[in-house]
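See below for the structure under consideration.
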Amino acid sequence: MLKGALVGESLRVGAVLESPNLTLTRVLRRDASGSATTDQPTVWTFLEFEAEDEVADELADALAEALLAEGGWYASFTVGDEHVVVFAGRVFRHKRGDRSARAEVEAYARQVGVPAHQMDWGE
């Protein structure tokens, strides 16, 4: 079963995220004023979800279409022994623990404006 999280404020206005069998497991609001960049709101809505492993590619593609391109946003989830990190228009999928692959994702994240302290996707 894949498990992940998405910040609601990271979605483009008008974006619709649909994926079969995507289950919302928890919604929480958090003060992000100590973490948010100047391009991000200071309160975030976290949407935690899970789904069957088979929808991983479809979900990643849907997230890549739905996320804002500006503001340094991403969504991430784990599926099996892999970690998937999704940005607007770009999907990275690598084995957890692969430091080289993670470094590639981090380099891209910096390029699109994600500060180092927000690169907190697990391994």
**OP:** Identify the single condition in (1) assigned to a strand (DSSP E or B); (2) more than 18 Å from HIS117 (Cα to Cα) that VAL55 does not satisfy, given that it satisfies every other one.
**Re:** (1)
Original post:
Out of the residues in segment 1-16 that are surrounded by 12 or more Cβ atoms within 10 Å (Cβ to Cβ) and closer than 17 Å to GLU54 by Cα, which is farthest from the chain's Cα centre (by Cα)?
Top reply: LEU2
Original post:
Taking the condition touching a residue at least 24 places away in the same chain (Cβ under 8 Å), within 15 Å of GLN118 (Cβ to Cβ) and not hydrophobic (A, V, I, L, M, F, W, C), does GLY71 pass?
Top reply: yes
**OP:** Using the structure shown, decide if ASP31 is surrounded by fewer than 17 Cβ atoms within 10 Å (Cβ to Cβ), under 27 Å from ALA103 (Cβ atoms) and not aliphatic (A, V, I, L, M).
**Re:** no
**OP:** Tell me, please, whether a residue that is in contact with a helix residue (DSSP H, G or I) (Cβ under 6 Å, 6 or more places away or on another chain) and either touching a residue at least 24 places away in the same chain (Cβ under 8 Å) or more than 23 Å from THR37 (Cβ to Cβ) (or both) can be found in segment 93-102.
**Re:** yes
Subject >> Boolean, GLU52 is under 18 Å from LEU24 (Cα atoms), in contact with a Ser or Thr (Cβ under 7 Å, 6 or more places away or on another chain) and not hydrophobic (A, V, I, L, M, F, W, C) >> reply: no
**OP:** Output the residues belonging to segment 96-117 that are touching a strand residue (DSSP E or B) at 6+ places or on another chain (Cβ under 6 Å), over 16 Å from ALA75 (Cβ atoms) and not in a loop (DSSP other than H, G, I, E, B).
**Re:** ALA101
**OP:** Using the structure shown, decide if LEU63 is in contact with a Ser or Thr (Cβ under 6 Å, 6 or more places away or on another chain) and in contact (Cβ under 8 Å) with a residue 40 or more places away in the chain.
**Re:** no
Original post:
Out of curiosity, is SER19 in contact with a strand residue (DSSP E or B) (Cβ under 8 Å, 6 or more places away or on another chain), among the hydroxyl-bearing types (Ser, Thr, Tyr) and modelled with pLDDT under 95?
Top reply: yes
Original post:
What number of residues within segment 26-85 satisfy the criterion of being aliphatic (A, V, I, L, M) and more than 19 Å from VAL13 (Cβ to Cβ)?
Top reply: 11
Original post:
If you go through segment 66-82 one residue at a time, how many are among the hydrophobic types (A, V, I, L, M, F, W, C), surrounded by fewer than 21 Cβ atoms within 10 Å (Cβ to Cβ) and outside any loop (DSSP other than H, G, I, E, B)?
Top reply: 1
Original post:
Among (1) in contact (Cβ under 8 Å) with a residue 40 or more places away in the chain; (2) hydroxyl-bearing (Ser, Thr, Tyr); (3) in a loop (DSSP other than H, G, I, E, B), which single condition is THR38 missing?
Top reply: (1)
Original post:
Looking at (1) among the basic types (Lys, Arg); (2) surrounded by 12 or more Cβ atoms within 10 Å (Cβ to Cβ); (3) not in a helix (DSSP H, G or I), can you tell me which one ARG26 breaks?
Top reply: (2)
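The values are calculated or read from the model by the stated rules, or taken from the named source; none is laboratory data. Quantities reported herein were computed from a predicted structural model and do not represent experimental measurements. With ideal geometry, Cβ positions are generated from the backbone for all residues, glycine too; neighbour counts draw on all protein chains shown.
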